[in-house]
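Trainee: Let me begin by handing over the structure; questions about it come next.
The values are calculated or read from the model by the stated rules, or taken from the named source; none is laboratory data. Given the structure is predicted, the values throughout are model-derived calculations rather than measurements. Cβ placement follows ideal geometry from the backbone for every residue including glycine, while neighbour counts extend to all protein chains displayed. For the accessible areas, the whole protein counts, side chains as well, though only heavy atoms, and no ligand, DNA or RNA atoms are used. Shrake-Rupley method; radii C 1.70, N 1.55, O 1.52, S 1.80 Å.
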Amino acid sequence: MDVLMDAQSKLVPEMMELMQQRYRILKLVKMAGPIGRRPLGQMAGLSERETRTMMDTLRGQNLITIAKDGASITTEGLTVLLTLESSMEDWSGRTSIAKRLMEFLGIQSVKVVAGNCDTDTASKSLLGMEAAKQFSSKIDEGKVVAVTGGSTIASIPLHIEKFSGTNNLLFIAARGGVGDDIGLQANVIAASFASACGGTYSTFYYPESLSEEAHEAFRKEPSVLKMLELYDTTDCVLHGVGDAQTMAIMRNSPTEERDMIQDNGAKGEAFGYYFDQDGNVVHRLRTIGIQTGHLEKIPLIISVAGGSSKAEAILAYMASAPKQTILVTDEGAATEMLKILVNK
């Protein structure tokens, strides 16, 4: 922690709490602006009166502007956020949590955002914002990027700002979609990424219920062969991690399959693979997409998942995750994961 900030927190602890609240409000305005007072207060967990006071203060300092459509961050506000980011993350304890988790998991990096997706409506958007930041800062031009489906990955394109580093990117679906919400399918999310980055996308449709014979025939289709070539040259993967039973239910898996998954100790799911607490694959779907064998060769892997209820699922996948993985998670999941790891 910054020495000056540490001394200030000991002498005037209430000042640090107030600074943290204002910093959070400013970050939420950047993330969701223009945004009205009531939804902003709900996201921040503050009363309408407290939110009004905060907004008036920030406007008085020219950090936000307030118009009919709500509050928006100013250029000066963006500068303040960037300047304070490192110190505020240290003061909150999230930097320390991330470092400990990274050492336990043995992966490249862990980023922890505020809140708990299970109870905090803003946390999923904060996950998307942080994942977008990690992606934008590390991807280069002309790369092939595979994305999975799900609401967490779908939130990332909303926070990507077009810049030269994201030119000429090709986005593809890491595998077939899951569930009934078309907006959360990997193909649609790949298109959203392409739109946000000014890149292109390639669609791929694969029914998850094909028989083994149909699956083998499907693999020989020209469009599938083209996609298999892209999987072999993928430079980056952005993916979520699901709870094993929840994912089985979303896929309308037969009762006997769900029972088998549970009996085999499956905790987490990613890419159609079900993992036990030690990272062993206990079940996999018959599908075409990114395979675990591809992951070792892919230089940039960003795993995004949050919520304390997902702690076991994330740990199950991370037990065998490639070392180059970057995990973006929230305080709820990170704290619960550390409890589990310390007590092992």
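Trainee: Among the residues of segment 241-272, which ones are at pLDDT 90 or above, open to solvent by 20 Å² or more (accessible area, probe 1.4 Å) and not in a helix (DSSP H, G or I)?
Mentor: Passing the criteria: Asp243, Asn264, Gly265, Lys267.
Trainee: If you don't mind, there's one more thing I want to ask. Among the residues of segment 73-109, what is the count of those that are basic (Lys, Arg) and touching a Ser or Thr at 6+ places or on another chain (Cβ under 8 Å)?
Mentor: 0
Trainee: Something else now. Among the listed residues Ser86, Ser96, Ser92, identify the single one that is out of contact with any Gly (no Cβ under 6 Å at 6 or more places or on another chain), open to solvent by 50 Å² or more (accessible area, probe 1.4 Å), polar (S, T, N, Q) and at pLDDT below 90. If you could, list the steps in order and put the result at the bottom.
Mentor: Numbers: Ser96 fails: at pLDDT below 90; Ser92 fails: open to solvent by 50 Å² or more (accessible area, probe 1.4 Å).
None of the others qualify; the one that does is Ser86.
Trainee: Now for a different question. Being in a loop (DSSP other than H, G, I, E, B) and either open to solvent by less than 70 Å² (accessible area, probe 1.4 Å) or touching a Ser or Thr at 6+ places or on another chain (Cβ under 8 Å) (or both) is the filter here; which residues of segment 58-72 pass it?
Mentor: Those that are in a loop (DSSP other than H, G, I, E, B) and either open to solvent by less than 70 Å² (accessible area, probe 1.4 Å) or touching a Ser or Thr at 6+ places or on another chain (Cβ under 8 Å) (or both): Asn62, Leu63.
Trainee: Among what's in segment 70-92 and is touching a strand residue (DSSP E or B) at 6+ places or on another chain (Cβ under 9 Å) and free of Cβ contacts under 8 Å to residues at least 40 places away in the same chain, pick the residue that is farthest from Arg59 (Cα to Cα).
Mentor: Taking the candidates together, the pick is Glu89.
Trainee: Search segment 145-162 for residues that are more than 10 Å from Gln185 (Cβ to Cβ) and part of a helix (DSSP H, G or I) and pair each with any residue that is of a type in the set (Gly, Ala, Ser) and modelled with pLDDT under 90 when their beta-carbon atoms are under 9 Å apart and the residues are at least 6 apart or on different chains.
Mentor: Final answer for the pair search is Ser151/Gly183; Ile153/Ala186; Leu158/Ser125; His159/Ser125.
Trainee: Could I ask something else about it? How many residues are of a type in the set (S, T, N, Q) and either surrounded by 12 or more Cβ atoms within 10 Å (Cβ to Cβ) or in contact with a strand residue (DSSP E or B) (Cβ under 9 Å, 6 or more places away or on another chain) (or both) if we restrict to segment 195-222?
Mentor: Final tally of qualifying residues: 4.
Trainee: Restricted to segment 99-118, and to residues that are open to solvent by 60 Å² or more (accessible area, probe 1.4 Å) and in a loop (DSSP other than H, G, I, E, B), which residue is modelled with the lowest pLDDT?
Mentor: Taking the candidates together, the pick is Asp118.
Trainee: Quick one: count up the residues across segment 21-52 that are open to solvent by 40 Å² or more (accessible area, probe 1.4 Å) and modelled with pLDDT under 85.
Mentor: 1
Trainee: Quick one: what pairs do we get from segment 212-238, first residue over 17 Å from Leu285 (Cα atoms) and at pLDDT 80 or above, second basic (Lys, Arg) and surrounded by 15 or more Cβ atoms within 10 Å (Cβ to Cβ), C-beta under 7 Å, 6+ apart or different chains?
Mentor: Short answer, once both residue conditions are applied: Asp235/Lys143; Cys236/Lys143.
Trainee: Could you name every one of the helices (runs of 4 or more DSSP H) located completely within segment 273-344 that has at least 3 residues being of a type outside the set (S, T, N, Q), more than 17 Å from Thr246 (Cα to Cα) and modelled with pLDDT of 95 or more?
Mentor: 331-342
Trainee: State which residue is surrounded by the fewest Cβ atoms within 10 Å (Cβ to Cβ) when the search covers only segment 73-83 and only residues that are assigned to a helix (DSSP H, G or I) and touching a Lys or Arg at 6+ places or on another chain (Cβ under 9 Å).
Mentor: Among those that are assigned to a helix (DSSP H, G or I) and touching a Lys or Arg at 6+ places or on another chain (Cβ under 9 Å), it is Leu78.
Trainee: Let me ask something else about it. Name, by its number, the condition in (1) out of contact with any His (no Cβ under 9 Å at 6 or more places or on another chain); (2) under 27 Å from Gly332 (Cβ atoms); (3) open to solvent by 70 Å² or more (accessible area, probe 1.4 Å); (4) at pLDDT below 95 that does not hold for Met55.
Mentor: (3)
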